[in-house]
1. Counting only residues that are closer than 10 Å to Tyr44 by Cβ and of a type in the set (Val, Ile, Thr), which one in region 17-33 is most open to solvent (accessible area, probe 1.4 Å)?
2. Kindly check whether there is at least one residue in region 107-124 that is assigned to a helix (DSSP H, G or I), open to solvent by 40 Å² or more (accessible area, probe 1.4 Å), under 20 Å from Asn48 (Cα atoms) and modelled with pLDDT under 95.
3. Do we have Arg143 as under 30 Å from Asn191 (Cβ atoms), among the charged types (D, E, K, R), open to solvent by 80 Å² or more (accessible area, probe 1.4 Å) and under 18 Å from the mean Cα position of the chain (by Cα) here?
4. Tell me the residue from Lys151, Lys180, Lys190 that is open to solvent by less than 60 Å² (accessible area, probe 1.4 Å), of a type outside the set (A, V, I, L, M) and at pLDDT 95 or above, please.
5. List the residue pairs whose Cβ atoms are under 8 Å apart, where the first residue sits in region 137-163 and is among the acidic types (Asp, Glu), the second is not in a loop (DSSP other than H, G, I, E, B), and the two are 6 or more positions apart or on different chains.
6. Hey, does region 87-104 have a residue that's open to solvent by less than 100 Å² (accessible area, probe 1.4 Å) and at pLDDT 85 or above?
7. Return only the number of the condition from (1) among the charged types (D, E, K, R); (2) part of a helix (DSSP H, G or I); (3) without any contact (Cβ under 8 Å) to a residue 40 or more places away in the chain that Glu103 does not satisfy.
8. Name the residue that is farthest from Glu141 (Cα to Cα), counting only residues in region 36-58 that are exposed (fewer than 10 other Cβ atoms within 10 Å of the Cβ) and acidic (Asp, Glu).
Amino acid sequence: MTKTEKPSQSYTLFRNNTLVANGDMADIKASILAVNERFPEGTYLCFNDLTGEYVDVDFHTEKSTKPLKKQTELKRGRPSFLKAPRAKTKKAGRPSLGVVAREVTLLPRHWKWLNSQSSSASSALRELIDETIRTGRNPLEARNAMARADKFMSTALGDQPGYEEASRALYRADKETFYKLIEAWPNDLKNYVKQLSNPAFDAG
């Protein structure tokens, strides 16, 4: 993969609680078709690795040995938002340095803290983001990992013994208790839960 190429979204596919495939959507569809040729009966569950959410896979059921190509929806005709480019005019003063202005919605306590900083609110936010990029520690990483793991658990493992207790242990970042509670769960599903949740414990 080149530096300019964006990584594709990754998904994980299970069949009857057994891991079948991991990859982009084309890989998932091809795996379903390949397995169906040998084992036509089975229940499939596909999940978004980034969010832990269930994904409804739209695939053709005809037999094929060739992987399905990705389908991209294209709008026909000329987009209505295209306009003739305006001539650029130079403005006097400090260069923008690539700064992009967008709306940010915060709670009163957030604005109170920002207003107490020696720099402007925009500058303080930029410094916080730059620090996160520099150190590689995202304060939201643990919360995001907990949320995606719990989304997967509620869909695929909600009927497993100890699910509610495991969910509470997850949000407490109690790794030891969490691992004990999920020990008896189906092996492949359990390993995927660990994969999704581990950043929560590591960040803590």
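The values are calculated or read from the model by the stated rules, or taken from the named source; none is laboratory data. Everything numeric in this text was worked out from a predicted model, so none of it was measured. Counting neighbours? That spans all protein chains shown, and the Cβs are built from the backbone with ideal geometry, glycine included. Areas reflect the complete protein model, heavy atoms only, side chains present, ligands, DNA and RNA absent. Shrake-Rupley method; radii C 1.70, N 1.55, O 1.52, S 1.80 Å.
1. This residue is Val20.
2. Taking region 107-124 first, the residues assigned to a helix (DSSP H, G or I) are 108-115, 121-124.
Still in the list and also open to solvent by 40 Å² or more (accessible area, probe 1.4 Å): 108-113, 115, 122.
Subset that is under 20 Å from Asn48 (Cα atoms): none.
There is no residue in region 107-124 that is assigned to a helix (DSSP H, G or I), open to solvent by 40 Å² or more (accessible area, probe 1.4 Å), under 20 Å from Asn48 (Cα atoms) and modelled with pLDDT under 95.
3. Working: under 30 Å from Asn191 (Cβ atoms): yes; among the charged types (D, E, K, R): yes; open to solvent by 80 Å² or more (accessible area, probe 1.4 Å): yes; under 18 Å from the mean Cα position of the chain (by Cα): yes.
Against the criterion (under 30 Å from Asn191 (Cβ atoms), among the charged types (D, E, K, R), open to solvent by 80 Å² or more (accessible area, probe 1.4 Å) and under 18 Å from the mean Cα position of the chain (by Cα)), Arg143 qualifies.
4. On the way: Lys151 fails: open to solvent by less than 60 Å² (accessible area, probe 1.4 Å); Lys180 fails: open to solvent by less than 60 Å² (accessible area, probe 1.4 Å).
Only one candidate qualifies: Lys190.
5. Note: pairs meeting the criteria are Glu141/Pro199; Glu141/Ala200; Glu141/Ala203; Asp150/Ser167; Asp150/Leu170; Asp150/Tyr171.
6. Taking every residue of region 87-104 in turn, none turns out to be open to solvent by less than 100 Å² (accessible area, probe 1.4 Å) and at pLDDT 85 or above.
7. Here Glu103 clears every test but (2).
8. Checking each candidate, the answer is Glu41.
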